[in-house]
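Structure record follows, encoded as structure tokens.
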Amino acid sequence: MIILVTGTSSGFGRAIKAELERHGHIVYGTSRRGSDNPADRTLKLEVRDPENCQQVVDYIVNRHGELDVLINNAGFGLGGAIELTTPDDFRLQMDTNFFGCVNMCRAALPVMRAQRHGRILNFSSIAGRFAIPFQGPYSCSKFAIEAFSESLVLETAQFGIDVLCVEPGDFATGFTAARLNSEASAADPDYSASYARVRKNYEDDETIRGAKPEYLARKVVRLVEAHRTSFHNVITPNPVQHLSVFLSRIVPTKLFLRIIAKFYNV
């Protein structure tokens, strides 16, 4: 299959690209810098730029005549109190995580619609199933991807296009170090203590208790190659995180939020 994976410079994207290549697929990756080695098949891409997204898709289709799978992985995290998050930072979070996904889908969908087949894996998160304290903008971007993907699957299934969400839990990747953390939240007398506690909690979950990205990559390959898939795909070896997603669906919202507040030590 001809596959495009965004955000392959590190973490999930790099592991997914490598695992798919081991399974014999032709895989193109992307990063903001790209690669000077054509054999690496890593293209320069800024997902916030719709024209650049179209150029990348056109490049692949012109060489192979099709695009079978799009994996929208590119994104970053933003930590801090919602109240103290600047409009520019909030916009950057949405433009990258959500509109980057939208831009790539808009570029790939005409190709998949014409060929009457295709599969799109949009990276959400367990933070797209329930909100994480002091990661409000990030959770908003992932909730938006969930809603976008639900609408998309309803509209495009008639063309043989399969759309699904990948919802990772906590993993040990460069994502933690790359997160933009709010200096204003850390300095604010009202928020600083709770922000520090929560931040330590989720960073420890990622860096100390988090699984390796290769675990997720193997699961993603199965989703790419499966004959049938589910829309929601929570990926984590942590049973507590699976349970949290399940409880978020059946427990009254206020009770569930109290559970989350206690878990993260808000």
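Please work out which one of (1) in contact with a Lys or Arg (Cβ under 9 Å, 6 or more places away or on another chain); (2) surrounded by 17 or more Cβ atoms within 10 Å (Cβ to Cβ); (3) more than 23 Å from Gly128 (Cα to Cα) is the condition Val111 fails and give its number.
Every condition holds for Val111 apart from (1).
Being of a type in the set (Val, Ile, Thr), open to solvent by 20 Å² or more (accessible area, probe 1.4 Å) and closer than 30 Å to Asp188 by Cα is true for just one of Thr96, Thr86. Which residue is that?
None of the other options fit; the residue is Thr86.
Looking only at residues in segment 128-154 that are among the small types (Gly, Ala, Ser) and open to solvent by 40 Å² or more (accessible area, probe 1.4 Å), which one is nearest to Phe90 (Cα to Cα)?
Ala131
Which of the following residues is closer than 29 Å to Leu92 by Cβ, polar (S, T, N, Q), open to solvent by less than 40 Å² (accessible area, probe 1.4 Å) and touching a Lys or Arg at 6+ places or on another chain (Cβ under 6 Å): Thr42, Thr8? Break it down into steps so the answer makes sense when it comes.
On the way: Thr42 fails: touching a Lys or Arg at 6+ places or on another chain (Cβ under 6 Å).
Of the residues listed, the single one that is closer than 29 Å to Leu92 by Cβ, polar (S, T, N, Q), open to solvent by less than 40 Å² (accessible area, probe 1.4 Å) and touching a Lys or Arg at 6+ places or on another chain (Cβ under 6 Å) is Thr8.
Among the helices (runs of 4 or more DSSP H) lying completely within segment 155-208, list those that include at least 2 residues that are open to solvent by less than 40 Å² (accessible area, probe 1.4 Å) and touching a helix residue (DSSP H, G or I) at 6+ places or on another chain (Cβ under 7 Å).
Working: elements: 175-178, 183-187, 192-207.
Fully inside segment 155-208 and qualifying: 192-207.
Which of the helices (runs of 4 or more DSSP H) contained wholly in segment 210-266 include at least 1 residues that are open to solvent by 80 Å² or more (accessible area, probe 1.4 Å) and within 14 Å of Val166 (Cβ to Cβ)?
Counting at least 1 such residues, we get 213-225.
Yes or no, residue by residue, for (1) within 14 Å of the chain's Cα centre (by Cα); (2) under 20 Å from Val5 (Cα atoms):
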position: Ser125; (1), (2): yes, yes
position: Ile132; (1), (2): no, no
position: Ser141; (1), (2): yes, yes
position: Val153; (1), (2): no, yes
position: Ile161; (1), (2): no, yes
position: Glu167; (1), (2): yes, yes
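Take segment 122-159 and flag every residue that is more than 18 Å from Phe76 (Cβ to Cβ) and of a type in the set (A, V, I, L, M).
Result: Ala147, Leu152, Val153, Leu154, Ala157.
Looking at the structure I just gave you, is Asp49 among the acidic types (Asp, Glu), closer than 27 Å to Ala157 by Cα and buried (at least 18 other Cβ atoms within 10 Å of the Cβ)? Full working, then the answer.
Details: among the acidic types (Asp, Glu): yes; closer than 27 Å to Ala157 by Cα: yes; buried (at least 18 other Cβ atoms within 10 Å of the Cβ): no.
Taking the combined requirement at face value, the residue does not satisfy it.
If Gly34 meets every condition in (1) of a type outside the set (A, V, I, L, M); (2) in contact (Cβ under 8 Å) with a residue 24 or more places away in the chain; (3) in a loop (DSSP other than H, G, I, E, B) apart from one, which number is that one?
Going through (1) of a type outside the set (A, V, I, L, M); (2) in contact (Cβ under 8 Å) with a residue 24 or more places away in the chain; (3) in a loop (DSSP other than H, G, I, E, B) one by one, Gly34 breaks only (2).
Write out, first by first residue and then by second, each pair whose Cβ atoms fall under 8 Å of each other, whose residues are 6+ apart or on separate chains, and whose first residue, in segment 73-101, is under 22 Å from Leu216 (Cβ atoms) while the second is of a type in the set (D, E, K, R) and crowded, with 21+ Cβ neighbours inside 10 Å.
Gly79/Arg199; Asn97/Lys142
The values are calculated or read from the model by the stated rules, or taken from the named source; none is laboratory data. All of these numbers come straight from a predicted model, not from anything done at the bench. Positions of Cβ are generated from backbone atoms using ideal geometry, with glycine treated the same way; all protein chains shown enter the neighbour counts. Protein only, heavy atoms only, side chains kept; ligands, DNA and RNA dropped before computing areas. Shrake-Rupley method; radii C 1.70, N 1.55, O 1.52, S 1.80 Å.
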